[in-house]
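J.: Below are the structure tokens for one structure; questions will follow.
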Amino acid sequence: MFKKIFAITSILILFACGGGSSAEATVVNIGSLGAEMKFDVEEFTVKSGSKVKVVMKNNTPSDFMGAMLHNVVILKDESAAPMIIQLAEGNGGEPYADGRILAMTPLADKQEETFIEFTAPSKPGRYLYVCTYIAHAGSMRGYMIVE
Ligand SMILES: [Cu+2]
């Protein structure tokens, strides 16, 4: 009896430890294309249900004149984009909490780096991401592909 329980426990431990790599997030680095209102990564692919860490670096030179903040806002539903962007632009570029936002990084100023960790959707598909800082979403966008 004891032996049997021990064997079962060992298997459980194996599963728990063997899956160590799956607990680690896939790191995706996204930067602004220098001082432009563009992302340097406009498409990336992750596995459905996997852990993802998006690191966003604002590559605008610190001596750049004028405001240039960026974030990465990944949407569950692309059709919600116009409304979410419009509301954010009326809020200094910061999106309001919205159930249709999958994940978002805080706004980063020049040379700042921010990140967000989240679980990729279980549903495969293309998920739009945009920067919601004022007037950026038109050119600053890309797709997270979930396979
Ligand atoms: Cu931006």
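J.: Name the strands (runs of 3 or more DSSP E) wholly inside region 101-147 in which the number of residues that are farther than 18 Å from residue 55 by Cα is 1 or more.
T.: 125-130
J.: I would also like to ask the following. Within region 105-138, track down each residue that is within 16 Å of the ligand (Cβ to nearest atom), open to solvent by 20 Å² or more (accessible area, probe 1.4 Å) and closer than 17 Å to residue 79 by Cα.
T.: Correct list: 138 only.
J.: Of the residues 138, 142, which is within 18 Å of residue 66 (Cβ to Cβ) and of a type outside the set (D, E, K, R)? Spell out the reasoning first.
T.: Values: 142 fails: within 18 Å of residue 66 (Cβ to Cβ).
Answer to the check: 138.
J.: For residue 66, work out the one condition from (1) within 15 Å of the ligand (Cβ to nearest atom); (2) of a type outside the set (A, V, I, L, M, F, W, C); (3) in a strand (DSSP E or B); (4) more than 17 Å from residue 29 (Cα to Cα) it doesn't fulfil.
T.: (3)
J.: Might you let me know whether region 74-93 holds any residue that is assigned to a strand (DSSP E or B), closer than 21 Å to residue 58 by Cα and not charged (D, E, K, R)?
T.: Yes: region 74-93 contains one or more residues that are assigned to a strand (DSSP E or B), closer than 21 Å to residue 58 by Cα and not charged (D, E, K, R).
J.: OK, next. Of the residues 87, 69, 75, 107, only one is in contact with a helix residue (DSSP H, G or I) (Cβ under 7 Å, 6 or more places away or on another chain) and either at pLDDT 95 or above or not small (Gly, Ala, Ser) (or both); which?
T.: Answer to the selection: 75.
J.: Also, quick follow-up: I need a count of the residues in region 95-115 that are more than 15 Å from the chain's Cα centre (by Cα) and within 22 Å of residue 41 (Cβ to Cβ).
T.: 4
J.: For residues that are out of contact with any Ser or Thr (no Cβ under 7 Å at 6 or more places or on another chain), open to solvent by less than 60 Å² (accessible area, probe 1.4 Å) and within 14 Å of the ligand (Cβ to nearest atom), tally how many sit in region 75-103.
T.: 1
The values are calculated or read from the model by the stated rules, or taken from the named source; none is laboratory data. Not measured: the values here are computed from a predicted model. Every residue, glycine among them, receives a Cβ derived from its backbone with ideal geometry; neighbour counts consider all protein chains shown. For the accessible areas, the whole protein counts, side chains as well, though only heavy atoms, and no ligand, DNA or RNA atoms are used. Shrake-Rupley method; radii C 1.70, N 1.55, O 1.52, S 1.80 Å.
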